[in-house]
Amino acid sequence: MQTIKERGLNFLTISELSEKFKVSRNTIYKWNQEKKIPYFKMGKRVHYLLEDVERFIMLNQVLKRDNTEMEIQNLINNKYNKF
């Protein structure tokens, strides 16, 4: 069985996520509570897959008025074409 690192999966803790994306830990806890951001638990610790967090950010960005729905879909497809 492959380990997490062998699969190339990047996991973040709440502290790492807070630091990387410049949001408070309270904001992340709120997102968890509202089930806005995907996470999982290992024991009592909460972890986030970096790819899931990036997808969450892409899907929740505010776009300029001239961007169309097709452009949004292209952004998502280009970033996550492996899914």
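Read-outs throughout are calculated quantities, based only on the coordinates presented, and are distinct from any laboratory measurement. In this text, all values refer to a predicted model and were calculated from it rather than measured experimentally. We place every Cβ from the backbone using ideal geometry, glycine too, and count neighbours over all the protein chains shown.
The figures follow:
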{"item": "Computed label-point distance, nm, for sites residue 75 and residue 49 using a 7 Å Cα→Cβ extension", "result": "2.2"}
{"item": "Peptide ranges 34-45, 14-25 listed from the most packed, as the mean C-beta count within 10 angstrom indicates", "result": "14-25, 34-45"}
